[in-house]
Amino acid sequence: MHTTTAPFALHVWSEGEKFERLTGWQGTSQEFGEITVIHPHRGNDGHSLRSEVRGSRIPSASFSSRGFHAQVMTLPSLNGAMLRLGDSVVYMTRNRWALTHRGRSLRLEYGGDHYRLTAVNRKEYTLTRAPDAEDPGVTIRVKQSGIGKSKRLAVTVLGRALGADITLAALFGGVDRATLTRRGAVRAGISRVFGFYAESQY
């Protein structure tokens, strides 16, 4: 059901101790209830990372990336990635060589709906669901602010949202989105190179 959604925030969150400790974001939407983003789960083989979204009135989702680069990352990246929303796989494409933020957007397709994830800057992004014959679409803006325990994700919804829209927008708060900008892609590449070098010295 399409719903007008008031602005809400997800705050930095943790639960449990030591090896069972979970971290991420948590908050409540007036319309969609409690929302929790958990990141990251590291696979037993060390070559995969996964973030998840759970909520009382939204579908669950997971975003995982796999490869040797996962050993030196703290969040799953867009490289070697798979996104599942409910029981479905979300198809993803992007142009790695585009010059603009819009051109480098991650494009997603789920249940006949088409989405575009676009970086505004390092800490802010938008998720847009394209309009169709029955609905004018929606744009969700997510902005990170604060430091330490005061960190938060402010979520603003323009248009009438579906539960899947909210899930996807929240999920990317637990994903490394650096490659959606040219500068971020360069920094991410350098970081991985130095990370691999450091790992090779042990």
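The values are calculated or read from the model by the stated rules, or taken from the named source; none is laboratory data. These numbers were taken from a predicted model, which means no experiment stands behind them. In this analysis, Cβ positions are derived from the backbone assuming ideal geometry, glycine residues included, and neighbour counts consider all displayed protein chains. Just so you know, the surface numbers come from the protein's heavy atoms only, side chains and all, with ligands and any DNA or RNA stripped out. Shrake-Rupley method; radii C 1.70, N 1.55, O 1.52, S 1.80 Å.
Restricting the first residue to region 96-110 and requiring it to be within 18 Å of MET82 (Cβ to Cβ), which pairs with a second residue that is among the small types (Gly, Ala, Ser) meet a Cβ separation below 8 Å and a spacing of at least six or different chains? From region 96-110, the pairs are ARG96/ALA185; TYR110/SER88; TYR110/ALA164.
Of the listed requirements (1) open to solvent by less than 20 Å² (accessible area, probe 1.4 Å); (2) modelled with pLDDT under 95, ALA198 misses just one: (1). Within region 112-158, the set of residues being assigned to a strand (DSSP E or B), without any contact (Cβ under 8 Å) to a residue 24 or more places away in the chain and not hydrophobic (A, V, I, L, M, F, W, C) comprises HIS114, ARG116, GLU124, THR126, THR128, THR139, ARG141, LYS143, SER145. The listed residues are ALA130, ALA119, and the only one of them that is at pLDDT 95 or above, among the small types (Gly, Ala, Ser) and within 16 Å of ALA164 (Cβ to Cβ) turns out to be ALA130. Within region 46-67, does at least one residue satisfy the condition of being outside any strand (DSSP E or B), aliphatic (A, V, I, L, M) and surrounded by fewer than 14 Cβ atoms within 10 Å (Cβ to Cβ)? No, the conditions are met nowhere in region 46-67. Would you please name the residue that is nearest to the chain's Cα centre (by Cα), looking only at residues in region 1-38 that are part of a strand (DSSP E or B), farther than 22 Å from VAL138 by Cβ and among the hydrophobic types (A, V, I, L, M, F, W, C)? Residue satisfying both the conditions and the ranking: ILE38.
Got a sec? Which of ALA161, ALA81, ALA154, ALA119 is open to solvent by less than 50 Å² (accessible area, probe 1.4 Å), over 15 Å from ALA178 (Cα atoms), small (Gly, Ala, Ser) and within 15 Å of the chain's Cα centre (by Cα)?
Of the residues listed, the single one that is open to solvent by less than 50 Å² (accessible area, probe 1.4 Å), over 15 Å from ALA178 (Cα atoms), small (Gly, Ala, Ser) and within 15 Å of the chain's Cα centre (by Cα) is ALA154.
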